[in-house]
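Colleague: Encoded as structure tokens, here's the structure I'll be asking about.
Bear in mind that the values in this text are calculations on the coordinates, not laboratory data. Note that the structure is a prediction, hence the values are computed from the model and not measured. Counting neighbours? That spans all protein chains shown, and the Cβs are built from the backbone with ideal geometry, glycine included.
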Amino acid sequence: MEWRNVYRGILMGASNLVPGVSAGTIALIFGIYDHLIASISDFFSSKWRDSLKFLLPLGIGVIAGFVGLIHIIRWLHEHHYQTTQFFFLGLIIGVIPLLLTQSNMKTQFKVPHFVILLVTAVGVGLMGLLPEEGSGIIDLTPFNGVKLFIAGWLASASLLLPGISGAAVLLIFGVYDTAIEALYSMNIPVIGLLGGGLLIGFAMSSKIIKYVLKQYPYMTYAVIIGLLVGSLVIVFPGFSAGPAALFPSAVTFLAGALTAILLGSRS
């Protein structure tokens, strides 16, 4: 078992509480992204025992990070939203140079790669302009049940893709607050529908991502970089907290960037 994956999983789990920051981004920072995709894909094959050694400690960490830090993340968003978002902003910007190096952008990217990168970045950035939903648990009608399942399915793909988080997908579907409230109140039907979509989506998404990484590595990197660049729009909080928060925001931004750079250099 790779037990050091527990602390990696904790950060990955916590990241999924923030729209615009995905577990895939954290996996990139730790240098385990390709291994993560391959392990999830192979878990649904005869290689599942080897995958389990990698995924089990990671999964323990993800659950611990998600459940254990949900109250902290919510408190920080309520009382220190701007400074918290600037930390995540620095985290994303800090990982981009590492990704540019890994993708061999200078030598391998052609015009189509830059076009895909730009289109992806703009598409994700436009998501930041979407209005947010109201809070509260929705009534579980057949339509809403299907909606929750599909939202969970698509959120699973975003969890594996750097740049767009599961939280962002849930926002787009208008069920983000519903999901958070369901976790607080342990609403099993809502959690079950979202979780069912997540599990099935994981099985399919991981195989698709593994395939394109192998067959079209540079185009895939172009999409991933575009996702990260576009997510900056979603994460950027503006300066609504006033001048007094500028210095703390600058400090948390630098802390996030340095965290990404240091973790990336040790991966």
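Colleague: Please give, to one decimal in nm, the separation of the simple spin-label points placed at LYS214 and ALA255, each 7 Å out from Cα toward the Cβ.
Modeller: With each label placed 7 Å out from Cα toward Cβ, I get 4.2 nm.
Colleague: As a test of the formula, what do you get for the chain when each DSSP H run with n ≥ 4 contributes -39,500 (n - 2.57) and the sum is divided by the residue count, at 222 nm and rounded to the nearest 500 deg cm²/dmol?
Modeller: Using -39500 (n - 2.57) per qualifying helix, the result is -26000 deg cm²/dmol.
Colleague: Rg and Dmax of the chain over Cα atoms: what are they, in angstrom?
Modeller: In order Rg, Dmax, the Cα atoms of the chain give 18.0, 57 Å.
Colleague: With the crude spin-label approximation of a point 7 Å out along Cα→Cβ, what separation in nm comes out for ASN104 versus LEU262?
Modeller: 3.2 nm
Colleague: Note down the relative contact order for the chain as a percent, whole number, built from C-alpha pairs under 8 angstrom at least six residues apart.
Modeller: Here the relative contact order equals 35 percent.
Colleague: Here is a further query. Is there a pair in LYS47/LYS147; LYS47/LYS214; LYS106/LYS207; LYS147/LYS214; LYS147/LYS210 whose C-alpha atoms are over 24 Å apart, and which pairs would that be?
Modeller: Those over the limit are LYS47/LYS147; LYS106/LYS207; LYS147/LYS214; LYS147/LYS210.
Colleague: Report, in order of residue number, the helices in the chain meeting two criteria: a C-alpha extent of 18 Å or more along the helix axis, and a mean Kyte-Doolittle hydropathy of at least 1.0; treat each whole DSSP H run as one helix.
Modeller: 81-102, 111-127, 142-160, 188-215, 217-235, 246-266
Colleague: Something else: In segment 175-218, if every C-alpha pair distance is counted and binned at 10 Å from zero, what percent goes to each bin?
Modeller: Per 10 Å bin, starting at 0, the Cα pair percentages come out as 26, 32, 23, 17, 2.
Colleague: Could you tell me the extents of segment 7-77's C-alpha atoms along the three principal axes, largest first, rounded to whole Å?
Modeller: Extents along the principal axes: 43, 19, 17 Å.
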